[in-house]
Amino acid sequence: MTRMPHDRAPGRRLFLIPLAALIAVMPLIHHGCSCGHDFDFHLVNWFEAAKQFSHGNLYPHWAYTPAFNAGEPRFVFYPPLSWILGALLGLLLTHLPGVSEAAGWSAVPILFTWIALTLSGLTFYRLARTFAGPNTALLAATLYLANPYMLFTAYERTAYGELLAAPWIPLLFHAILRDRVTIPRIALPVALLWLTNAPAAVMGCYTLALLAVIRLIATYRSAATPPGAPHLESEMWASRHRAALQLALKALGGTALGLGLAAFYIVPAAYERHFVQIALATITGMHIDQNFLFEHTGVSSDALDHDQVLHIASLIAVILLAATAAALAATLIRRKARPTAPAFPTLPLVILTAGIALLLTPLSASIWNHTPEAAFLQFPWRLLAILAPIFALAAADALGRLPMKFTATAFAAVILAVVLTHPAYHLFRQACYPEDTAPARLALFHSDEGTDPTDEYTPTTADNDVLKQDAPPYWLATSPTAPPPITAQRGPAPMHLSLTAPLAERLILNLRDYPAWSISLNGAPTPHTVRRKDGLMAIPIPAGFSTIDIRYAHTLDQMLGDAITMLALALFLFALRDRPRPRSTP
């Protein structure tokens, strides 16, 4: 695959990508946030992380306000990059002179979306420049950052984790499709995907595996003896196997290194998943077989709402599949007409597109049911996140090297961004009820009411159906199953508590039990075995004065993950340093 000539003035074109992303979020700037499906979930993540950052906890694991202040280990399982970015943006904007806290947090989702779209355009431009000229790459980058599925994710779903994963998918394609495959180039997008969004990471790793296998086969078939060497069968066999083995080792090594870089998140999430009800992530409505294209799940109000979203996603899928097929066909036609054009990975992209089309239909049910971790994607149409860069890349190659000047290209990119954004905003934007706005959710966060639990992050010892919404921070009772007092002020459990009990009783904390909690009573560790259906801790305390200290411990699995990441980081930096430098052209 021959790289296109170097762009002598890339700055002007790269400036247009943030502008195109700004056009895509301009309706949000003018009308306010879209309160999509995951809007509240991410806001709570950002509020929680920002509060803990300000108190010196730079990598929190526990979220305190969910489950009506009883908390949940949300940050153990949800990848960190999206909530770290959202929290940092919140802290930055709310500390600007003259900006209120409510106004600052109202701007965070918009700025977050603009950053994700801008990064998506920039990384895709890098991918497209491998196969296309600068003008074509610019238009393709605009097409990618404002494609219908991207704006569906931004407006309808407000799935900010998946949105932030979109920039890393072009990096993954670039790593495996470029001429020279290297371990660091594969490791980086693999790590970034796992640290941003788990479904995107699963899709990305399977995509990488498929493209690597296709390239391995092509490498084996095309490898030949060097020019002038004797055409011996043994030498041809050795040449083929050597090239294929090197590619396989680089793909496997890069994947392993990428997983190692993200091990500080992956290891605790993988080990501690049996402490929570993770299977509830695939409850009714979230099953793969209920989310194939144009499925119907029932006549209840929830089922009708689900089917409406599925219908929209299905239409987007059909449009993207048709557009991708047309672009790939145009690529084939163009290359037959110009056989001397630089190589383009048409066959791998055709195979990948066909695979995605199959996986969107019920014909692939057995594949979904038997592929590890595939069920946690929940929605097969999430694969459109992989299809979108295929479409944009094929469109870039089909267009060839556009003869337009920069001014005409810039004008076309702006028009393309407007044309794609206008209908997407009107079709996908979700109206905000007064209680759903960022200021309203911020006020709720600052109150003592707490927020709803997340089913899949609920500890296995807890039942959300019996959890009281008005529990005080703690109370004393003779029975570990005693309900909270009705007249008490609600709130989260304190981390340090001194009290005097008239007799030996149970201290019940509005804090859900979890193995990472370390509790000491009068300076000595104490067990906190749960005997309550709501999962709250009930600690036996003696009569008289007692001091209770609660700490979220750095567990063995976390220490192991940190150690693996530090080792992987050292290997990554060594691999970068050890890369051969390109020779200068005389």
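The values are calculated or read from the model by the stated rules, or taken from the named source; none is laboratory data. Note that the coordinates shown come from a computational prediction; the quantities given were computed from them, not determined experimentally. Cβ atoms come from the backbone with ideal geometry, glycine included; neighbour counts cover every protein chain shown. Heads up: the accessible areas ignore ligands, DNA and RNA and are worked out on the full protein's heavy atoms, side chains in. Shrake-Rupley method; radii C 1.70, N 1.55, O 1.52, S 1.80 Å.
Can you tell me the relative contact order of the chain? Whole percent, Cα pairs under 8 Å, sequence separation 6 or more.
The normalised contact order for the chain reaches 21 percent.
How far, in nm, would the chain grow between Phe574 and Ile486 when pulled straight, counting 0.36 nm per residue and subtracting the alpha carbon separation?
Extending this stretch completely gives an extra 25.6 nm.
Where only protein heavy atoms count, and the probe is 1.4 Å, what is the accessible area per residue for the stretch 435-585 in Å²?
Per-residue value: 56 Å².
I'd like the carbon and sulfur percentage of the solvent accessible area for the chain, probe radius 1.4 Å, heavy atoms only, ligands and nucleic acids excluded.
Of all accessible area on the chain, carbon and sulfur atoms account for 66 percent.
Could you pull out which residues in the stretch 263-290 have an amide N less than 20 Å from a spot 7 Å beyond the Cα of Ser301, following the Cα-Cβ vector?
What the label zone holds, given the 20 Å backbone N cut-off, is 284-286.
Taking 0.36 nm per intervening residue step and subtracting the Cα-Cα distance, what contour gain separates Val414 from Arg180 on full extension?
Here the answer is 80.9 nm.
Per residue, how many Å² of accessible area does the stretch 31-74 show with a 1.4 Å probe?
30
Nearest 10 degrees, 0 to 90: what angle lies between the long axis of helix 101-128 and the longest principal axis of the chain (Cα atoms)?
Relative to the chain, helix 101-128 is tipped by roughly 30 degrees.
Simple spin-label model, 7 Å along Cα-to-Cβ: Leu363 to Leu567 in nm?
Each label point lies 7 Å from its Cα, and together they span 4.5 nm.
Answer with a single label: of (i) 190; (ii) 233; (iii) 163, which was calculated as volume of the Cα convex hull per residue in Å³ from the structure in view?
Given (i) 190; (ii) 233; (iii) 163, the structure-derived one carries the label (i).
Report the Cys residues of the chain lacking a disulfide-compatible partner, meaning no second Cys Cβ under 4.7 Å from their Cβ.
If one checks each Cβ against the other cysteines of the chain, Cys33, Cys205 turn up with nothing under 4.7 Å.
PRE reach from Gln308 (point 7 Å along Cα→Cβ): which of the stretch 258-301 fall under 17 Å by backbone N?
Once the point is set 7 Å along Cα→Cβ of Gln308, 294-301 turn out to lie under 17 Å by backbone N, inside the stretch 258-301.
Just to confirm the number: angle between the C-alpha axis of helix 168-177 and the first principal axis of the chain, 0 to 90 degrees, nearest 10?
With both axes taken from Cα atoms, the answer is about 40 degrees.
Helix 39-54: angle to the longest alpha-carbon principal axis of the chain, degrees 0 to 90, nearest 10?
Between the helix axis and the principal axis of the chain, the angle is about 70 degrees.
So with the 1.4 Å probe, I'd like the accessible area per residue for the stretch 80-180, rounded to whole Å².
That works out to 23 Å² for each residue.
Which sequence of Phe275, Phe152 reflects their accessible areas, 1.4 Å probe, from the largest down?
Sorted descending by solvent-accessible area, the residues read Phe275, Phe152.
Please give the FRET efficiency for Ala504 paired with Ala553, using the beta carbon to beta carbon distance and R0 = 30 Å, rounded to the nearest 0.05.
According to the calculation, E is roughly 0.65.
Kindly sort Leu22, Leu349, Leu560 by accessible area of their heavy atoms, largest first, with the probe set to 1.4 Å.
Result, largest first: Leu560, Leu22, Leu349.
Give me the distance between the Cα centres of the stretch 7-51 and the stretch 498-535, rounded to whole Å.
44
Per DSSP H run of at least 4 residues, take -39500 (n - 2.57); add these up for the chain, divide by its residues and hand me the 222 nm value, nearest 500 deg cm²/dmol.
That comes out to -18000 deg cm²/dmol.
Got the relative contact order for the stretch 127-211 handy, in percent, Cα pairs under 8 Å and 6 or more residues apart?
With pairs under 8 Å counted, the relative contact order is 26 percent.
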